[in-house]
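So the structure is just underneath, and the comments pick up after that.
The values are calculated or read from the model by the stated rules, or taken from the named source; none is laboratory data. The shown structure was predicted, so the numbers you read here are calculated from the model rather than taken from an experiment. For neighbour counting, all protein chains shown are included, and Cβ atoms are generated from backbone atoms with ideal geometry for every residue, glycine included.
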Amino acid sequence: MSDDLKRTPLNQWHRDHGAKMVDFGGWDMPIQFNGILAEHEAVRQRAGLFDVSHMGEVRIQGNDALAFIQHLITNDAGGLELGQAQYTVMTNHDGGVIDDLLVYRLGDTDYLLVINAATTAKDVSWIEEQAEGFQGLFEVRDESDEWAQLALQGPDAQTILSRIIPLDLTSIGYYRAEFTNLDGAQILVSRTGYTGEDGFEVYLPPSQAPAVADRILDAGEAEGVVPVGLGARDTLRLEAGMLLYGNDMDESRSPVEANLRWLIKPDKGEFIGKDAIIEQLDCGTGERLIGFELVDRGVPRHGYELCCTAEKSIGEVTSGSFSPTLQKGIGLGYVPLEHTDVDGVLKVVVRGRKLEARVAKTPFYRRPKPN
Amino acid sequence: MADYPEDYKYTKEHEWIAVEGNEGTVGITYHAQAELGDVVYVELPAVGDHLEAGQPFGTIESVKAVSELYAPVSGKVTEVHEELLDQPELVNEDPHGAAWMVRLSMADSSEMEGLLSFSDYVSFLESTEGDH
């Protein structure tokens with residue numbers, strides 16, 4: 001049953017904290033602890049702690065590490081400063097998305113790619129294959145088993161984490177990271193996340209993950225920090241307009257169709273799939289990913305049909321859920337370009353009934369600016 | 001913890017029915033709401049609708065899942081808990097009391113024999129506990 005599922009170092013910790021466990025892409029992970037709505041609210045109002053140790057990490061080092069990475073990704077990593085990260089996609093020769101990922105510059109010639117859990121094996125294979133054909137001095141290492149990862153997200157995350165991390169967190173800007181020492185081991189602290197709130201992701205040795213997770217819960221007791229599962233992780237990221245690889249994009253979709261033009265920097269030089277992507281930028285695509293909100297009561301879910309007002313099927317929901325912040329159903333899906341105007345009327349077919357929806361601007365939620 | 005009222009009758013689909021004379025009040029059990037997670041929408045029938053034992057009469061939707069509601073017995077809907085539509089969280093908070101869903105006048109009281117008693121239902125839950 002759960003014997004062939006992969007486990008993070010926090011598997012027992014999750015069970016001890018009352019988690020309801022599920023199979024997530026081959027990993028035995030917590031879907032919720034106290035309840036998705038309560039956990040979602042905790043992150044939006046206070047802080048929530050996520051185990052994201054199932055994510056994959058690939059280290060690329062050497063004089064030509066940057067050149068190789070530039071060849072793999074659509075974004076321009078050339079301007080990354082020490083300790084800086086960027087979000088990007090890796091595309092195949094047809095411009096289809098292989099994965100979305102973060103690229104960290106950890107040293108002069110030292111980079112870390114952080115990739116999705118469900119695609120780790122595929123990505124590592126792809127990267128190693130591309131490395132063979134690429135001239136230059138660099139080394140690729142799959143470090144996925146060497147890193148656990150905890151994410152503390154929410155308006156109180158910085159206050160709480162400051163109590164246990166020996167760094168001035170206020171000096172770590174958005175999409176910046178710093179190494180430090182915690183209990184004798186090297187950890188990487190970055191101001192990144194997948195919730196739309198302020199927060200940090202901490203990369204640390206697997207053996208320390210349960211102890212550090214406990215320390216974070218203790219340190220944040222006054223603020224009411226709680227462990228958060230993948231259920232709330234999904235509602236949070238969807239509200240924030242963030243995509244989930246496998247749902248919202250896959251190798252049959254390009255970053256142009258996925259509304260990720262901002263990740264494409266053609267001026268940086270060549271990269272895999274560039275020709276196909278340039279053509280799409282020039283000539284357009286037939287479909288584009290849009291966000292929508294339900295007007296009628298209902299929850300749009302992956303695979304549900306989307307219709308236009310003429311009752312014609314125009315696409316499918318790629319991601320959908322109930323938005324606890326907006327108190328309505330929200331979702332994403334690919335539709336023909338003529339249906340992408342904000343406020344355009346759509347129908348979502350929910351169990352045979354056509355519910356009214358509107359094309360919405362994403363993100364659906366933006367955290368309020370501090371006073 | 002879960003308090004299953006001893007005078008209710010239960011189904012294997014995790015509905016309960018509280019009977020007074022010929023009137024039944026129906027809801028879902030603690031176990032059902034725990035399985036579903038946070039309930040966000042409930043779809044209920046209309047007053048006057050005829051329910052058939054074992055047939056779906058509505059749906060209950062949580063963030064992660066949708067479930068049908070199955071009628072424990074046949075009968076005509078006499079009351080629908082409209083407020084529940086605006087307060088679906090009651091299903092998680094008080095599934096055996098405040099989150100009643102419909103009341104019906106029963107068509108055939110012999111159908112009650114097919115339902116589970118409190119102790120049968122608790123045994124049923126214990127026997128299925130190993131399944132996750």
Inset, instruction - Collect the residues in region A:338-371 that are aliphatic (A, V, I, L, M), touching a residue at least 60 places away in the same chain (Cβ under 8 Å) and more than 14 Å from chain B (Cβ to nearest Cβ), keeping them in residue-number order. - result: A:Ala357, A:Val359, A:Ala360
Inset, instruction - For region A:294-313, indicate whether the set of residues that are aromatic (Phe, Trp, Tyr) and either more than 19 Å from the chain's Cα centre (by Cα) or modelled with pLDDT under 95 (or both) is non-empty. - result: yes
Inset, instruction - State whether the residues of region A:255-263 include one that is surrounded by 21 or more Cβ atoms within 10 Å (Cβ to Cβ) and of a type in the set (Phe, Trp, Tyr). - result: no
Inset, instruction - Mind listing whichever residues of region A:202-235 are within 14 Å of chain B (Cβ to nearest Cβ) and of a type outside the set (A, V, I, L, M)? - result: A:Gly229, A:Gly231, A:Arg233, A:Asp234, A:Thr235
Legend entry - Filter result for the condition that a residue is free of Cβ contacts under 8 Å to residues at least 40 places away in the same chain, closer than 21 Å to A:Asp214 by Cα and touching a helix residue (DSSP H, G or I) at 6+ places or on another chain (Cβ under 9 Å), over A:Gly48, A:Gly35, A:Gly18: A:Gly35
Legend entry - Output for region B:95-123, where each listed residue is among the charged types (D, E, K, R) and over 12 Å from the mean Cα position of the chain (by Cα): B:Asp108, B:Glu111, B:Glu113, B:Asp120
Legend entry - Test for A:Trp27: is it in contact (Cβ under 8 Å) with a residue 12 or more places away in the chain and closer than 22 Å to A:Glu221 by Cα: no
Inset, instruction - Scan region A:291-341 residue by residue and report those that are of a type in the set (A, V, I, L, M, F, W, C) and over 21 Å from A:Arg367 (Cβ atoms). - result: A:Phe292, A:Leu294, A:Val295, A:Val299, A:Leu306, A:Cys307, A:Cys308, A:Ala310, A:Ile314, A:Val317, A:Val335, A:Leu337
Inset, instruction - Kindly indicate the residue of region B:73-132 that is part of a helix (DSSP H, G or I) and polar (S, T, N, Q) and also nearest to the other protein chains (Cβ to nearest Cβ) among those meeting that condition. - result: B:Asn92
Inset, instruction - For A:Gly246, state whether it is outside the structural domain of A:Val317 (by TED's automatic domain parsing), at pLDDT 95 or above and not aromatic (Phe, Trp, Tyr). - result: yes
Inset, instruction - Could you tell me whether A:Ile187 is over 20 Å from A:Leu112 (Cα atoms) and crowded, with 19+ Cβ neighbours inside 10 Å? - result: no
Inset, instruction - Considering each of A:Leu326, A:Leu238 in turn, give the residue that is within 14 Å of another protein chain (Cβ to nearest Cβ), touching a residue at least 40 places away in the same chain (Cβ under 8 Å), over 22 Å from A:Asp123 (Cβ atoms) and assigned to a loop (DSSP other than H, G, I, E, B). - result: A:Leu326
Inset, instruction - Kindly provide the set of residues from region A:203-222 that are touching a helix residue (DSSP H, G or I) at 6+ places or on another chain (Cβ under 7 Å), free of Cβ contacts under 8 Å to residues at least 60 places away in the same chain and within 13 Å of A:Asp51 (Cα to Cα), ordered by number. - result: A:Leu204
Inset, instruction - Tell me which residues, restricted to region A:168-188, are among the hydrophobic types (A, V, I, L, M, F, W, C), more than 14 Å from A:Gln84 (Cα to Cα) and modelled with pLDDT of 95 or more. - result: A:Leu169, A:Ile187
